[in-house]
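Report on one structure; see the data block that follows.
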Amino acid sequence: RMLSQMWNKPMVGVNHCVAHIEMGRCVTGAANPTVLYVSGGNTQVISYSLNKYRIFGETIDVAIGNCLDRFARIIELSNDPAPGYNIEQCAKKGKKFIPLPYVVKGMDCSFSGITTQLDKNACKWLEEGYTKEDLCYSLQETVFSMLVEITERAMAHVGSNEVLVVGGVGCNVRLQQMIAKMAEQRGGSACVTDDRYCIDNGAMIAYTGLLQFKQGYVTEMDKSRTTQRCAACMLMRPF
């Protein structure tokens, strides 16, 4: 807002979720994909219909990224460079699978029960001979399978053969592999980006703002307040 006033330039408000999707479509060339949006604060399956992005499924409690971050603290994994990345690397060395709560309700999923189970039992499992790598492996396979299930259900519902993964958790190579395998089995394709565009970045905001501006969309100063609960499904997509 300050820059808009200083340089007398128009201002364009951008929805964070929509920006992730538009950046992903730009980078991968995806035409009209079913979108799996996974990050520290969001877990949603989204598809485009009638000038809007529609949410077909989502977490009913905590986001997938929040679940992973909390688990990393439980087993005392480092935050450097990121908890999710360190879980991913540990999971590659895991050999024993521990059954964990698998909660899918229709098009939605839940991660709070898994976090509670891990919080209660992690120390006991480690004492019984399981390793941190086993726990990371078990968690990833469980929660990612849940995400694949609800994404595939959304693809079947809308008749899509293309899936786009966006958001910070989308950096996880194992998740990308599982989504790609599911899409391949359906005769479709998976579109993923590298770390530069999965995580929050300025390019996605600038690019989406440009798309909106080209269609004549400008945000008036008195309407430029931040709305944290503004979901993608609440906005028209005229561009």
Exposure ranking of Leu77, Leu3 by accessible area [1.4 Å probe, largest first] = Leu3, Leu77
Residue span Arg153 to Asp195: 0.36 nm per residue of separation minus Cα-Cα distance leaves a gain in nm of 12.5 nm
Which number gives the lysine pairs in the chain that have C-alpha atoms under 19 Å apart and are eight or more places apart or on different chains?
-> 13
Using Cα-only point scatterers and the Debye equation, what is log10 of I(q)/I(0) for the range 80-205 at each q in 0.10 Å⁻¹, rounded to two decimals?
-> -0.36
Please give the net charge around Leu126, taking every other residue with its beta carbon less than 14 angstrom from that of Leu126, where Lys and Arg add +1 and Asp and Glu add -1.
-> -2
Mind jotting down the three principal axis lengths of the range 53-110 based on Cα atoms? Whole angstrom, largest first.
-> 35, 26, 18
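Taking only DSSP H segments of four or more residues, each worth -39500 (n - 2.57), what value at 222 nm results for the chain once the sum is divided by all its residues, to the nearest 500 deg cm²/dmol? Before the final figure, lay out the partial values.
Numbers: 9 runs with 112 residues, N = 239.
Mean residue ellipticity, 222 nm, calculated: -14500 deg cm²/dmol.
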Among Asp80, Asp134, Asp61, the residue with the largest mean-square fluctuation in a Gaussian network model of the chain built from Cα contacts under 10 Å is Asp80
Which Cα, out of Gln5, Tyr85, Thr116, lies furthest along the positive dipole direction of the range 1-121 (beta carbon charges, K/R +1, D/E -1)?
-> Tyr85
What is the Cα convex hull volume of the chain when expressed per residue in Å³?
-> 131 Å³
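Charges at C-beta only: +1 for Lys and Arg, -1 for Asp and Glu. How large is the resulting dipole of the range 45-183 about its Cα centre, in Debye rounded to 20?
Charge dipole, the range 45-183, about its Cα centre: 160 debye, nearest 20.
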With 0.36 nm assigned to each residue of separation and the Cα-Cα distance removed, Leu210 to Gln117 gains 29.0 nm
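DSSP loop (so not H, G, I, E, B), at most 13 other Cβ within 10 Å: list which GluC sites (Glu not before Pro) in the range 13-98 pass both filters.
Details: sites: Glu22, Glu58, Glu76, Glu88; in loops: Glu76.
Of the GluC sites (Glu not before Pro), the ones in loops of the range 13-98 whose Cβ has at most 13 other Cβ atoms within 10 Å are Glu76.
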Can you grab the distance from the C-alpha centre of the range 1-59 to the C-alpha centre of the range 165-230, Å, no decimals?
-> 5 Å
Using Cα atoms only, what is the angle between the long axis of helix 173-185 and the major principal axis of the chain, expressed in degrees (0 to 90) to the nearest 10?
-> 80 degrees
What are the extents of the Cα atoms of the range 1-76 along their three principal axes, listed from largest to smallest and rounded to whole Å?
-> 51, 33, 24
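Work out the length of the dipole vector of the chain about its Cα centre, built from +1 on the beta-carbon of each Lys and Arg and -1 on the beta-carbon of each Asp and Glu, and round it to the nearest 20 debye. Spell out each step's value before the answer.
Working: 25 positive and 23 negative charges, 108 e Å.
Roughly 520 debye for the chain.
The values are calculated or read from the model by the stated rules, or taken from the named source; none is laboratory data. Keep in mind it's a predicted model, so treat the numbers as computed, not measured. FYI the Cβ positions are ideal-geometry reconstructions off the backbone, even for glycines, and counts take in every protein chain you see. These accessible areas exclude ligands, DNA and RNA; they are computed on the full protein's heavy atoms, side chains included. Shrake-Rupley method; radii C 1.70, N 1.55, O 1.52, S 1.80 Å.
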